[in-house]
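Data first, discussion second: the structure below is written as structure tokens.
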Amino acid sequence: MDGPEFRRELERRLAIVENPEYEDPAAADLPARDLVLLLLGSAVLVIALLAWGYPW
């Protein structure tokens, strides 16, 4: 697996990522709406799990 073709592809990808002008789309900030939905969904999930496991 560590052949010359693999090495060339690795070097090509590293050159792209190491370029100072490269903007990683995965590192972009999440929109505020998504963060609020994540917070609300997490709160609903925690409350549901607590209610489910709470001995009545």
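The values are calculated or read from the model by the stated rules, or taken from the named source; none is laboratory data. The shown structure was predicted, so the numbers you read here are calculated from the model rather than taken from an experiment. Reconstructed Cβ throughout: ideal geometry from the backbone, glycine too, with neighbour counts over all protein chains shown. Areas reflect the complete protein model, heavy atoms only, side chains present, ligands, DNA and RNA absent. Shrake-Rupley method; radii C 1.70, N 1.55, O 1.52, S 1.80 Å.
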**Report entry** Value of [θ]222 nm, deg cm²/dmol, for the chain, DSSP H segments ≥ 4, -39500 (n - 2.57) each, nearest 500
**Finding:** -22500 deg cm²/dmol
Report summary line: Probe 1.4 Å, all chains present, heavy atoms only: residue 47 accessible area in Å², nearest 10, is 110
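How much of the pair distance distribution for the chain lies past 16 Å, counting alpha-carbon pairs only, in percent?
Values: 1058 of 1540 pairs.
Cα-Cα pairs of the chain separated by over 16 Å account for 69 percent.
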Query raised in the report: Which loop GluC sites (Glu not before Pro) in the chain, with loop taken from DSSP, have no more than 16 other Cβ atoms within 10 angstrom of their Cβ?
Result: 21, 23
Report task. Leaving out ligands and nucleic acids, note down the accessible area per residue over the chain with a 1.4 angstrom probe, in whole Å². Result -> 102
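Full extension from residue 35 to residue 14: what is 0.36 nm times the residue separation minus their Cα-Cα distance, to one decimal in nm? Don't skip to the answer; put the middle values down first.
Working: separation 21, 0.36 × 21 = 7.56 nm, distance 3.11 nm.
The residue 35-residue 14 span can extend by a further 4.5 nm.
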